[in-house]
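Written out below as C-alpha cells is the structure these notes cover.
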Amino acid sequence: MNYQSDWLRVESIIGSRRISNFCWACIILFGALGFFSVGISSYFGKDLIPFLSSQQILFVPQGIVMCFYGIAGFFLSSYLWCTILWNIGSGYNKFDKQQKIVCLFRWGFPGENRRVCIRFFIKDIQAIRMEVQEGIYPRRIIYMKIKGQQDVPLTRIGENLTLKEMEEQAAELARFLRVSIEGL
C-alpha cells in the first residue's frame, strides 16, 4: 500500500513475510526432521521413516551428531517461523508536509521495544543519497541524509531494484521533499 498526495506520502515496507523466508523455513524444518529422525533411528536400531535408512550409522558418534544437527535445525527453523509470524521489519515510511515530520516505523521483536518509530523534521533532510555497488552481490540502497545524524536507509535489504527503478524512486522522493539527489 503506497499512497501519495500533495501533502502526504506513505510507503509500505514488506518485512520478513517473503516467499524466500517461507521456503527457507520449510527447507530447514524438513532437513532438521530428517537429521533428528536418522539419529534417533540409529539409537533404536530400526528405521522410523522408511526412506531414511540408518542401518549404516552407529549411534556413537554419528547418531549423536545427527540428533544435534536436527535439534539445531529445529531452533533455526523456529526462529525463522517466529520472524515470519511477527512480521519483523515490516512497517512504513511516512512523509508529512503539513506537520513537517518524517516518521519511519518498523515492527521489531516482541518486548519493550517492539515498535520502532524514528521521527525527525523535514527541514533536517539534506539530500536523498543513492549507493550502488555492482558485483556478485549487487547493493542498491536509497538513503536519506539528515543533518547531524547517520544516513537512514529507506529501501530494505534484499530488495532487488533495477538501476532505473532506484533512480525513479529516489527522484520521486527528492521531488516530493524538495531536496537534491546525491550519488548519480
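The values are calculated or read from the model by the stated rules, or taken from the named source; none is laboratory data. If you're wondering where the values come from, they're calculated on a predicted model, not measured in any experiment. Heads up, the Cβs are rebuilt from the backbone with ideal geometry, glycines too, and the neighbour counts pull from every protein chain shown.
Details
- Qualifying positions in the stretch 108-138 - without any contact (Cβ under 8 Å) to a residue 40 or more places away in the chain, in contact with a strand residue (DSSP E or B) (Cβ under 7 Å, 6 or more places away or on another chain) and more than 23 Å from Asn87 (Cα to Cα): Phe120, Phe121, Asp124, Gln133
- So Gln126, is it more than 19 Å from Tyr92 (Cα to Cα) and polar (S, T, N, Q): yes
- Any hit, the stretch 6-28, residues being part of a helix (DSSP H, G or I), under 30 Å from Leu154 (Cβ atoms), touching a strand residue (DSSP E or B) at 6+ places or on another chain (Cβ under 8 Å) and at pLDDT 95 or above: no
- Cβ-Cβ contacts under 8 Å between residues 6 or more apart (or on different chains), taken from a first residue in the stretch 68-91 that is without any contact (Cβ under 8 Å) to a residue 24 or more places away in the chain to a second residue that is among the hydrophobic types (A, V, I, L, M, F, W, C) and in a helix (DSSP H, G or I), are absent.
- Scanning the stretch 150-179 for residues that are free of Cβ contacts under 8 Å to residues at least 60 places away in the same chain and loosely packed, with under 12 Cβ neighbours inside 10 Å yields a total of 7.
- Selection within the stretch 124-178 - among the small types (Gly, Ala, Ser) and either under 22 Å from the mean Cα position of the chain (by Cα) or under 22 Å from Asp6 (Cα atoms) (or both): Ala127, Gly135, Gly158, Ala170, Ala171, Ala174
- Only one entry in Ser77, Ser53, Ser90 is surrounded by 16 or more Cβ atoms within 10 Å (Cβ to Cβ) and closer than 17 Å to Ala32 by Cα, namely Ser77.
Okay, residues lined up against (1) outside the structural domain of Gly108 (by TED's automatic domain parsing); (2) among the small types (Gly, Ala, Ser); (3) within 18 Å of the chain's Cα centre (by Cα):
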{"site": "Trp7", "(1), (2), (3)": "no, no, no"}
{"site": "Glu11", "(1), (2), (3)": "no, no, yes"}
{"site": "Leu29", "(1), (2), (3)": "yes, no, no"}
{"site": "Gly34", "(1), (2), (3)": "yes, yes, no"}
{"site": "Phe44", "(1), (2), (3)": "yes, no, no"}
{"site": "Pro50", "(1), (2), (3)": "yes, no, no"}
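- Unmet criterion (only one of (1) buried (at least 17 other Cβ atoms within 10 Å of the Cβ); (2) modelled with pLDDT under 90) for Ile40: (2)
- All of Phe95, Phe120 fail the test of being part of a strand (DSSP E or B), surrounded by 15 or more Cβ atoms within 10 Å (Cβ to Cβ) and touching a Lys or Arg at 6+ places or on another chain (Cβ under 7 Å), apart from Phe95.
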